[in-house]
Every structure is written in C-alpha cells, then in structure tokens.
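S.K.: For reference, the structure I am asking about is given below.
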Amino acid sequence: MNADGLLERLTAYFPVMLQGAGITMLVSSLAIIVGLALGACLLGMSLANRGTGPLTWAVTVYVSFFRGTPLLVQLLMAFYLPSAFGWDMPPLLVAILVMGLNSAAFQCQILRAGLAAIPAGQIAAAYSFGMPQRKVFWNIQLPQLARAVWPAVVSEFMDVVKNSAIISVIAVADLARVTRQIFAANYRPLEVFLSAGVMYLLLTGAVFALGSWVGRRLQHRGGRGRRIGLAATGASHV
Amino acid sequence: MTSRRLLLATLSLAAAGLFAAGTAQAQSLLETIKSKKEIVIGTEAQFAPFEFLQDGKIVGYGPDLMNLVLSDMPEVKVKQMDVPFQGILPGLATKRFDFIVTSVTVTRERASKFAFTIPIADATTALLRRTADGGLATPESVAGKVVGSQAGSAQLKALQEFSAKLQADGKKPITVREYVSFDEAYADLAAGRLDAVAQSMANLATLTKTRADTYALIPGAIGPKTYFAWVGRKDAASAPLVEFFNTGIAKAKSSGKLEELQQKWFGFTMDTPVDAVPEPTI
C-alpha cells in the first residue's frame with residue numbers, strides 16, 4: 001500500500017469526519033446532561049413516600065421500558081410516530097431527547113446502587129430533624145451516592161457516546177454516517193473504519209477524562225465534609 | 001377528587017385536540033407548504049449517482065432535478081432528511097415527510113398505496129460482477145450462485161422473480177442475500193462474499209465506468225422494463241403537490257434540461273414517458 005497516498009487520504013477524511021464528530025458530540029453531551037439530571041429526578045421520585053405510591057410505580061414502568069427495548073426501536077418510534085398526530089419534531093431534537101430519556105433510565109438504576117453507601121443513621125437523623133423527603137434526597141442522599149457510584153456514571157456517559165452511532169437512521173449526519181459515506185466512495189474499509197474507531201476513542205476518552213476530573217473534585221469536597229459530618233455524629237467507624 | 005377529575009378531563013381534551021390537529025389536513029398539502037414556506041422531503045442518500053452524500057451535502061441527479069423543479073416555488077425552503085430506504089415509504093405514510101425525492105421503482109404494490117410522479121429515469125434491473133470473474137458472461141450463469149440486493153427494493157424483487165424463473169427452467173435457484181444499502185452489497189461483492197449484485201442498469205453503468213478495475217456489468221436485463229419515480233401520498237390533499245412535481249419534470253424534459261442532467265450524472269440519456277405514470281410491470 002502506498003504510504004504517501006495513505007497520509008493524503010487520511011488528511012482528506014479528517015475534516016469531513018470532524019464535522020460528523022461535531023454532531024456526535026453535540027447530541028451525546030446534551031443527552032448525557034439530560035440523562036444524569038433526569039436519572040437523579042427519577043430516583044428521587046421513586047424514593048418518595050418511602051418507596052410506595054404511584055410515583056415509584058411510574059418510575060418502574062419508565063425504567064423497564066427504556067432499559068428493556070432497543071435504542072434503535074425507541075429512536076424509530078420517536079421519529080415516525082409523532083407526525084401521525086401532526087407533531088413535527090426535528091431529527092436532531094428527537095435524537096437528543098430519546099438518547100437522554102434512555103440514558104436517564106440507566107442512570108437512575110446506577111445511582112440507586114449508591115444508596116447502600118449511605119449509613120442509615122443519617123436518613124433517620126435527617127427525618128427526625130423534620131427535613132422534607134425531597135430535601136433529604138437532594139441534599140443528603142444524592143451528593144453521597146453520586147460520589148460512591150461516580151465511575152459507573154462516567155461509564156454510562158461513555159456508553160451514550162458509543163450508542164450515538166445509530167442516530168443516522170433518523171436522518172442525523174453523525175460520525176458513523178459520514179464514515180459510511182467515505183467508505184462508499186473509496187472502498188478502503190481498514191483505514192476508513194480504523195480512523196472512525198480512533199475518533200470515537202478520542203471522544204469517549206475526552207468524556208472519561210472530564211468525568212474523572214469531576215469525580216476527583218467530588219471526592220475532595222466530599223472527603224472533608226464527610227469527616228466533619230462523622231465527627232458531628234460521633235460515628236466510631238470511618 | 002375534583003381536581004383529579006379536572007386533570008383527567010383536561011388531558012382528554014388535549015388528546016382530542018391533538019388528534020383533531022392531525023386529521024384536519026383537508027387543506028391541500030401544496031397550500032400548507034406554500035404558507036409554511038417549507039417542504040419536508042425524505043431521501044435515501046446512499047444511491048450514487050441518483051442521490052448520495054458528498055462533503056456533508058446531498059448531491060446527485062435527484063437533488064439537481066428537485067432543485068430545478070422547486071425553482072418554481074422559490075420562497076419554499078427544502079428540509080431534506082437522509083434516512084435508510086426501508087424508512088422512506090413508511091415515513092411518507094405516517095406524514096413524517098411531505099414528499100419523497102429518492103429513486104423509487106414503480107411497482108404494482110407501491111402504486112396501489114402511493115402516488116407516483118412521472119418517471120425520472122429507467123430502473124430496469126441488471127447484474128453486476130467482479131471484473132476478474134469473467135466466467136459470469138450471461139444473466140443465466142448466476143444460477144446456483146450468491147447474489148445480493150437491497151432489502152425492500154424492487155431490484156430485489158426482480159432478482160427473486162428471476163431466480164424463480166431459473167428454477168422453473170430446471171436450473172439451480174439463486175441464493176439471495178439482502179442488504180440495508182447497495183453500498184454494502186458492492187463492498188461484499190468486491191470482498192468475494194457475493195458473486196453478483198442485482199441493481200438498476202443506470203446505477204451499474206456509472207459504477208462500472210468509475211470503478212472498471214473492480215466491477216463489470218453482465219449484459220442483459222433480468223426483469224421487465226421498470227422506471228424510477230418520486231412519491232407522494234395517495235390522498236386528495238397530496239394530489240396538487242404530485243401534480244406540481246409532474247409539471248416540473250415534464251417541463252424539464254421538454255426544455256431538454258432532463259437530458260442535460262442525465263448526461264451530467266450518467267453519461268447517457270434515458271427514454272422516459274412524460275404523459276402519464278407508466279403501468280407497473282413488477
């Protein structure tokens with residue numbers, strides 16, 4: 001294979017792939033934010049009324065649906081069904097919304113796993129102070145459990161970026177679509193798909209780096225707060 | 001209790017309102033498009049040289065002709081969505097798209113459900129082979145071989161009917177493989193996973209010209225004469241819009257612009273009827 005030709009071709013692909021990568025990152029970052037925020041809300045809702053009541057049931061149905069059906073099916077439904085009722089949603093918005101809603105279901109369950117990391121005594125103490133359940137969730141439970149399961153949360157962020165590779169079925173020109181078009185024009189699968197792979201690796205790597213930095217900041221803040229909190233309650237374990 | 005009932009009543013009214021909004025399409029679609037100054041068009045941009053992506057833009061014979069026809073409605077902005085072919089006609093049916101500007105073969109089944117425009121090109125199916133594979137000289141020589149085509153396409157249907165004909169003649173049937181897009185089929189042909197690809201002659205002519213070292217045409221059609229056309233919904237609201245496109249295509253043919261575009265994108269011209277949509281043969 002002609003090495004000079006290869007470098008030329010790679011530099012030719014780069015700006016086109018960068019355009020596609022821009023769309024991928026736009027959709028992914030917004031979906032990540034929506035996913036985390038909504039996931040936290042869903043967890044809060046499911047803990048209302050001490051885990052009984054209609055809100056908990058609603059969250060269970062939501063999570064079962066979005067975790068139990070393929071993302072492809074969710075995207076196609078959200079793209080084709082609304083127009084039957086006269087709604088017109090631009091494809092980019094549909095992609096961000098569906099990926100956000102999908103990620104929220106997974107984030108809800110990931111965050112739920114962090115509940116075990118909070119000593120039960122804190123919750124009891126908070127309620128005995130007369131704190132409303134919503135305040136207990138957002139001020140006491142969420143910061144601590146997020147800290148505990150943050151690596152898994154960041155892993156879900158990276159999954160969002162990778163899952164975004166199918167949004168081209170609903171008319172969004174992302175990195176995967178652009179890659180397929182380059183391949184259709186020059187029939188060199190190894191270098192084209194390898195370049196795309198490297199780009200996705202860079203994107204998920206950036207998400208991981210940013211997520212880890214945030215995680216370290218959380219640990220740092222949490223560490224000091226935790227020590228003060230423990231000292232106040234006179235806890236004997238660390 | 002009362003507030004819950006009120007909530008239920010409001011929700012039902014809202015739902016009824018949404019349904020009403022969806023069904024109140026008695027107004028002509030063409031009028032709606034002109035008032036909204038926007039037309040939503042569905043395209044599968046994986047069908048060189050009819051429509052394909054280049055530098056992030058949808059280019060080709062189809063887009064050039066579409067822009068020519070739509071120049072009669074200059075204030076209308078085109079919102080063109082690139083979706084896989086299998087979502088094109090269903091998307092039109094669910095009103096996701098106002099109109100389809102992608103090369104759809106006129107078939108009986110589709111003509112009964114949708115409204116075709118007059119043809120834009122010839123769609124008669126032929127077979128593509130690897131240049132190195134000189135043994136496949138006639139269409140009949142693919143009996144018993146592995147041939148691919150696009151899922152949901154009329155070319156696949158022509159291939160399946162051809163295979164049935166071979167079987168009836170006492171030859172071995174073809175192993176048919178389906179692909180999401182023709183580009184994937186071409187790639188598998190080059191890789192040796194397929195012996196041939198069934199595709200329209202217009203596409204193959206351009207492909208074998210630009211990639212003569214990899215692909216060659218097997219001379220001879222494997223199905224009846226068919227045409228590519230654009231598609232609208234088969235209801236009263238869409239009829240003026242389909243008529244608008246028909247007028248535009250006929251005008252392009254009479255002014256010679258259609259032949260000019262065909263020469264530009266294919267290197268040859270095709271004979272297509274202008275007075276009416278031809279009877280589907282497949």
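The values are calculated or read from the model by the stated rules, or taken from the named source; none is laboratory data. No experiment lies behind these values; they were computed from the predicted model shown. Here Cβ is always computed from backbone atoms with ideal geometry, including for glycine, and neighbour counts include all displayed protein chains. Note: accessible area is taken over every heavy atom of the protein model, side chains too, but ligands, DNA and RNA are not part of it. Shrake-Rupley method; radii C 1.70, N 1.55, O 1.52, S 1.80 Å.
S.K.: Using the Cα atoms of segment B:139-252, I'd like the radius of gyration and the largest Cα-Cα distance, Dmax, both in angstrom.
M.R.: Considering segment B:139-252 through its Cα atoms, Rg and Dmax are 17.1, 50 Å.
S.K.: With the dipole of segment B:93-218 worked out from charges on the C-beta (+1 for Lys and Arg, -1 for Asp and Glu) around the Cα centre, which of B:F116, B:A143, B:A132 lies farthest toward the positive end?
M.R.: B:F116
S.K.: Would you mind checking which residues have amide H under 5 Å from B:D122's amide H? H placed 1.01 Å from N; only 5 or more apart, or other chain.
M.R.: Close amide H contacts, sequence-distant or interchain: B:F228.
S.K.: Now a separate question. Estimate for me the total accessible surface buried between chains A and B (protein heavy atoms, probe 1.4 Å, no ligands or nucleic acids), in Å² to the nearest 100.
M.R.: Protein heavy atoms only, the A-B interface buries about 2100 Å².
S.K.: While we're here: Calculated from DSSP H runs of 4 or more alone, at -39500 (n - 2.57) each and per residue, what is the 222 nm mean residue ellipticity of chain B, nearest 500?
M.R.: That comes out to -12500 deg cm²/dmol.
S.K.: Mind listing, in residue-number order, the residues in segment B:83-104 that have at least 50 Å² less accessible area with every protein chain present than in their own chain alone (1.4 Å probe)?
M.R.: Relative to the lone chain, where solvent access is computed with a 1.4 Å probe, segment B:83-104 loses at least 50 Å² at B:T94, B:R96.
S.K.: Is chain B best put as rounded, prolate or oblate by its Cα gyration tensor, with a ≥ b ≥ c the root eigenvalues, rounded for a/c under 1.5, and otherwise prolate when a/b is larger than b/c, oblate when not?
M.R.: prolate
S.K.: Using the Cα centre of segment B:1-146 as the reference point, and only Cβ charges (+1 on K/R, -1 on D/E), how large is the resulting charge dipole? Debye, rounded to the nearest 20.
M.R.: 740 debye
S.K.: At a 1.4 Å probe radius, carbon and sulfur cover how many percent of the accessible area of segment A:6-236?
M.R.: 72 percent
S.K.: For B:W230, A:W57, give me the order by solvent-accessible area with a 1.4 Å probe, most accessible first, ignoring ligands, DNA and RNA.
M.R.: Highest to lowest solvent-accessible surface, that is A:W57, B:W230.
S.K.: Give the aspartates and glutamates reachable from B:K257 as a straight Cα distance under 20 Å; neighbours fewer than 8 places away on the same chain don't count.
M.R.: Cross-link targets: B:E51, B:D64, B:D72, B:D122, B:E243, B:D271, B:D275.
S.K.: Taking the full set of protein chains and a 1.4 angstrom probe, give the accessible area of B:K253 in square angstrom, rounded to the nearest 10.
M.R.: Counting only protein heavy atoms, B:K253 exposes about 40 Å² to solvent.
S.K.: Quick one: of A:K162/B:K77; B:K36/B:K95; B:K77/B:K251; B:K209/B:K264; B:K34/B:K95; B:K36/B:K79, which pairs are farther than 23 Å apart, Cα to Cα?
M.R.: Distance filter (> 23 Å) returns A:K162/B:K77.
S.K.: Then there's this: Would you mind telling me the share, in percent, of accessible area of chain B contributed by carbon and sulfur at probe 1.4 angstrom?
M.R.: With neighbouring chains kept in place, the figure for chain B is 57 percent.
S.K.: Can you give the accessible area of B:K57 in Å² (nearest 10), computed on protein heavy atoms with a 1.4 Å probe?
M.R.: Accessible area of B:K57: about 130 Å².
S.K.: Something else about it: Taking only protein heavy atoms into account and a 1.4 Å probe, give the accessible area per residue of chain B in Å².
M.R.: About 44 Å² of surface per residue is accessible.
S.K.: Going by amide H atoms built from the backbone, whose H comes under 5 Å of the H on B:I174, apart from near neighbours?
M.R.: When sequence neighbours closer than 5 places are left aside, the close amide H contacts are B:G144.
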